[in-house]
1. Given the criteria hydrophobic (A, V, I, L, M, F, W, C) and modelled with pLDDT of 90 or more, does residue 274 qualify?
2. Does residue 211 satisfy being in a helix (DSSP H, G or I), over 30 Å from the mean Cα position of the chain (by Cα), at pLDDT below 85 and surrounded by 17 or more Cβ atoms within 10 Å (Cβ to Cβ)?
3. Would it be correct to say that residue 28 is without any contact (Cβ under 8 Å) to a residue 60 or more places away in the chain, outside the structural domain of residue 139 (by TED's automatic domain parsing) and farther than 25 Å from residue 187 by Cβ?
4. Could you list, in sequence order, all residues of the range 1-44 that are touching a Gly at 6+ places or on another chain (Cβ under 7 Å) and under 30 Å from residue 198 (Cβ atoms)?
5. Got at least one residue in the range 242-251 being of a type in the set (Asp, Glu), surrounded by 14 or more Cβ atoms within 10 Å (Cβ to Cβ), closer than 30 Å to residue 20 by Cα and modelled with pLDDT under 90?
6. For residue 35, all conditions in the list (1) in contact (Cβ under 8 Å) with a residue 60 or more places away in the chain; (2) assigned to a loop (DSSP other than H, G, I, E, B) hold save one; what is the number of the exception?
7. Here is a list of conditions, (1) buried (at least 16 other Cβ atoms within 10 Å of the Cβ); (2) at pLDDT 90 or above; (3) not aromatic (Phe, Trp, Tyr), and residue 205 meets all of them except one; can you say which number that is?
8. Might you check whether a residue that is in a strand (DSSP E or B), modelled with pLDDT of 95 or more and surrounded by fewer than 16 Cβ atoms within 10 Å (Cβ to Cβ) occurs anywhere in the range 69-79?
Amino acid sequence: MYRFLLTPRWWAINVFLLLSIPFCVFMGSWQLGRFEDRVDNHREAEAQVADAKKDAPRPLDELLPVTKATSGKQATATGRYDTQLLVPGRTLDDKDGYYVLTLLRTDTGRALPVVRGWVPGEPDPAKAPAPPAGEVTVTGALQASETPGSNGVTARTGLPEGQTAAISAASLINLVPYDVYDAWVTLNDGDSGMRAVPATAPGGTGLDLKAFQNLGYTAEWFAFVGFALFMWFRLFRREVELARDAELGILPEDAEPDAKAGTAEDAADSAGPVAEREPSSTSGV
């Protein structure tokens, strides 16, 4: 009944199954490892941001350019506040609001974007507190320029005058007539009664969409293992049923050649003893 397992087609099916299962397990384990690495990076980045608050502030230029190692570090800069912009669509504690972003003109000729705080509600220049006059020294967490379309940063265009969607040198250079640092600082304490904006982990270290894609791919690869076993068992059961039908003489006309060959051999074996007895009965007559 099981001679069909020795046919070329079933040899190919069995070899494919034996190779596909370890391959799927390996790929699933690799994707799971990628997800676990992202989780570990996320935890390390959050711990880095928390520990950075305890470090002594360093001059801004010593921490540039912003990297994963310097993101979140305490930076200090001196200058005079100039242009003020509002950054809409920012949430804090699940509440909608906007950032108050003010450019600090430094002695280097470039301006440092400084997030002075967060205000709830719709952006309104009349409600945004004016920046302090004269020379000031700011201290806050250093952050890398934002990329529109990632980490919750909107890619909206056509905003009203005095607003920007992303805090980045590429966006701000079109709004002000001077050079801008490719970085920004969020103050440790909200200015003029505003709520301070907490520092975030550097890009590429959070539990973003890519991390959960790795987890989804893990489930898919292990699902493939179950699917391959299910399909093998289904084909095997079908072949067994065809063999039993052939023994009962009810094999369908459109049965597959392998099934017919296997069942024909079984039928020949069972008919052998009968064929041997036929001559003796004839000679008796």
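The values are calculated or read from the model by the stated rules, or taken from the named source; none is laboratory data. Here the structure is a predicted model, which is why all the values come from computation and not from measurement. FYI the Cβ positions are ideal-geometry reconstructions off the backbone, even for glycines, and counts take in every protein chain you see.
1. Judged against the criteria, residue 274 is not a match.
2. No.
3. Working: without any contact (Cβ under 8 Å) to a residue 60 or more places away in the chain: no; outside the structural domain of residue 139 (by TED's automatic domain parsing): yes; farther than 25 Å from residue 187 by Cβ: yes.
No: the conditions fail for residue 28.
4. If the condition is that a residue be touching a Gly at 6+ places or on another chain (Cβ under 7 Å) and under 30 Å from residue 198 (Cβ atoms), then 42 is the only one that fits.
5. No, the range 242-251 contains no residue that is of a type in the set (Asp, Glu), surrounded by 14 or more Cβ atoms within 10 Å (Cβ to Cβ), closer than 30 Å to residue 20 by Cα and modelled with pLDDT under 90.
6. (2)
7. Result: residue 205 fails condition (2) only.
8. Scanning the range 69-79 turns up at least one residue that is in a strand (DSSP E or B), modelled with pLDDT of 95 or more and surrounded by fewer than 16 Cβ atoms within 10 Å (Cβ to Cβ).
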